[in-house]
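Bear in mind these aren't lab numbers, they're just calculated from the coordinates by the rules spelled out. As the structure is a computational prediction, the values presented were derived from the model and not from experiment. Cβ placement follows ideal geometry from the backbone for every residue including glycine, while neighbour counts extend to all protein chains displayed.
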Amino acid sequence: MSNQKPSAPQGMRDFGPDEMVRRNYIFNTIRKVYEKYGYVQIETPAMEKLETLTGKYGEEGDRLIFKVLNSGDYLKDLKEANIDYDSKKGTKLISEKALKYDLTVPFARFVVQYHNDLKFPFKRYQIQPVWRADRPQKGRYREFYQCDADVVGSDSLINEIEFVQIYNEVLNGLKLTPYIVKINHRKILSGFADVIGSQDKLISFTIALDKLDKIGKEKVLEELRNKEFSEDQLQKVSSILDITGSTKEKLSFLKTYFANSEVGLKGVEEIEKVFSISEELGIQNGSLELDLTLARGLDYYTGCIFEATIPGAGMGSISGGGRYDDLTGIFGMSGLSGVGISFGADRIYDILLAQNLFPEFNENKTEFLFLNFGEAEAMASLRIVHAMRTAGIRAALYPDPAKIKKQMGYANDTGAVNVCTIGGDELANGTLGIKNMSTGEQETLSVEEFKKRYL
């Protein structure tokens, strides 16, 4: 038998009762807003076919997909094919399934699979874990929860505008303020590629640009240089990275800058509308910013892209998303546009905890804990406990007639609100004692008085 100390795999965590109450507070806050905006809940499996996931997240994303080994003798096919076990071909032979990398691609598969049963536009939300074979670090886990909302079957920018409102309601509801929602448009990035003369390298450009906050301007330019961007192109990229000013000033600049880029001007037109209407509807305790370097590295985005951050939290983005015009096309159903956002519950949890923003919770505290003095007394207590539970009150009987000191210690440790006692004298007199554990106040009531007050 191994003497190794038991632990969860690196980058994955257990959650105790107190943590679960806090996490459910986050989930419920987000869920209520999603449902208010007409989103309905679905779930998809933890695993998808490997072919469903690969090729949807870019080369770097594909490397972070957790593959699941086939059952049985998974090396048999490798031996017969005489393929090196760690080659791409070998992976396909030993692994047909993978843990889902995000919720969006499985959702696209779901839409195509069940499209005859769905009413479009279809608005769904999911709150489920996803897995990435990433290097664990602060705010980055290998298993984490995403809280997604997507609408498919509509090209309307009203959906993007509603997501700005959803950000506003969720982040204010969690008291994560002031917040910043950064917005850009993939057509603006495509316009930059037009001007630079690198439309054939658009993906390389956006992947590098997406790392600006992490590695800085010079490293981004160096990465593009390694991707065979010319010095003239790099100079134009550098000038893009230096664009400053208010949203209005940036949009005005882009209208001139994209004079010869139809796709760039289309992006400016759409994002200008999103800003204009969102500001008219109002944004509380936060700001909406046009970030021309925001790229969101996932290959499937085609329109507006979003990222939400909490300044000073020492954490990356807590939410992201965007428009995808043909994600379902990869599953054989083209022309179905969608847009969605996803909140990272784990990063939100870490920020709320660090900034002491969680409210006081009583959900996991027993309101009335009855002490156990023996079989007859316990039965009398259990009848009252049963009546209280039937009335929806959190009540419990300590299961064993242990020493009173031990039972009171348990009441303290578990945060019981009140402790009730039915000992021999109380049993004979038809009374019970009640002690408020916060104030120390005690009183004796008849069982009938107790029931009238609390039931």
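Structure data summary
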| item | result |
| --- | --- |
| Rg(Cα)/(2.2 N^0.38 Å) for the stretch 103-160, N = residue count | 1.40 |
| Charge context of Y125, other residues only, Cβ under 12 angstrom, K/R +1, D/E -1 | +1 |
| Restraint check, K67/K182; K67/K138; K201/K236; K211/K273; K56/K76; K219/K266, Cα-Cα greater than 22 Å | K67/K182; K67/K138; K211/K273; K56/K76; K219/K266 |
| Exposure proxy ranking, count of Cβ atoms within 10 Å, fewest first, for D155, D14, D325 | D14, D155, D325 |
| At most 12 other Cβ within 10 Å, DSSP loop - chymotrypsin sites (Phe, Trp or Tyr not before Pro), the stretch 1-56 | F15 |
| Net dipole in debye of the stretch 368-454 [+1 Lys, Arg Cβ; -1 Asp, Glu Cβ; about Cα centre; nearest 20] | 280 debye |
| Taking N as its residue count, the alpha carbon Rg of the stretch 273-419 over 2.2 N^0.38 Å | 1.81 |
| The chain: relative contact order as a whole-number percent, Cα under 8 Å and 6+ apart | 15 percent |
| 15 Å cut-off, amide nitrogen to a point 7 angstrom out along Q355 Cα→Cβ, residues in the stretch 26-63 | 26 |
| With Cα atoms, 0 to 90° folded angle of helix 17-36 axis to the chain main axis | 60 degrees |
| In sequence order, calculated HN-Hα J values of the stretch 442-455 (Karplus, 6.51, -1.76, 1.60; Hz; x Gly/Pro) | 10, 7, 10, 10, 6, 4, 5, 5, 4, 5, 4, 6, 10, 10 |
| Using θ = phi - 60° and Karplus 6.51 cos²θ - 1.76 cosθ + 1.60, couplings along the stretch 6-15 (whole Hz; Gly, Pro as x) | x, 7, 6, x, 4, x, 10, 9, 8, 10 |
| Fewest-first sequence of D62, D102, D200 by Cβ atoms within 10 Å of each Cβ | D200, D62, D102 |
| Rg/Rh ratio calculated on Cα atoms of the stretch 368-454 (Kirkwood radius) | 0.92 |
| Model label zone, K175; criterion: amide N under 13 Å from point 7 Å along Cα-to-beta-carbon; scope the stretch 342-374 | 352-361 |
| C-alpha long axis of helix 345-354 to longest principal axis of the chain, angle in ° | 60 degrees |
| Nearest-0.05 FRET efficiency for A402 and N436, computed from C-beta distance (R0 22 Å) | 0.50 |
| Convex hull volume per residue for the stretch 204-304, taking Cα atoms only, in Å³ | 125 Å³ |
| Where labels lie 7 Å past Cα in the beta-carbon direction, separation of R135 and S230 in nm | 3.5 nm |
| Length gained when the stretch T444-K217 is fully extended (0.36 nm per residue, less Cα-Cα span) | 74.5 nm |
| Computed FRET value (nearest 0.05) for Y114 with R453, which takes r as the C-beta separation and R₀ as 56 Å | 0.60 |
| Test item: Cα-centred dipole of the chain, Lys/Arg +1 and Asp/Glu -1 on Cβ, debye | 620 debye |
| Fewest-first sequence of R13, R453 by Cβ atoms within 10 Å of each Cβ | R453, R13 |
| Rounded to 10°, Cα long-axis angle of helix 247-257 versus longest principal axis of the chain | 20 degrees |
| The stretch 321-399: C-alpha gyration tensor shape, a/c 1.5 cut-off, then a/b vs b/c | prolate |
| Virtual spin-label span in nm between S238 and S95, 7 Å along Cα→Cβ | 4.1 nm |
| Kirkwood Rh, Cα atoms: Rg over Rh of the stretch 345-389 | 1.34 |
| Hydrodynamic radius of the stretch 249-316 per Kirkwood, over alpha carbon pairs, in Å | 13.9 Å |
| Proximal lysines relative to K406, as straight alpha-carbon distance under 23 Å, when same-chain residues fewer than 8 apart are discounted | K365, K435 |
| Label selected from (1) 1.03; (2) 1.26; (3) 1.15, the criterion being Cα Rg over 2.2 N^0.38 Å as computed here | (2) |
| Net +/- balance of residues flanking K97 in space, Cβ distance below 9 Å, scoring K and R +1, D and E -1 | 0 |
